[in-house]
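Working notes for the structure below.
Readers should treat all values here as calculations from the given coordinates under stated rules, not as data from a laboratory. All of these numbers come straight from a predicted model, not from anything done at the bench.
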């Protein structure tokens, strides 16, 4: 599953990253929140996570927290683990 998520994110980066979105669960001091990041904001991928931003402001988001990956409004990948409330 992790490599499927990483491969999908890499496909977005190689194509048109401005049209891709990654929805993920973010852990904060007040609990869990659902956040969306544009694929164009992704600065790298690794074995277990993708990186958004640079330097000390970078966020490292583990693949297991990815909820959905969208491209041009369509769904490319959806987690079976996480559900977004409608």
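A few remarks follow.
- For the stretch 2-78, convex hull volume per residue from C-alpha positions, Å³: 86 Å³
- When the helices of the chain are scored as -39500 (n - 2.57) per DSSP H run of n ≥ 4 and the total is divided over every residue, the value at 222 nm lands at -5000 deg cm²/dmol.
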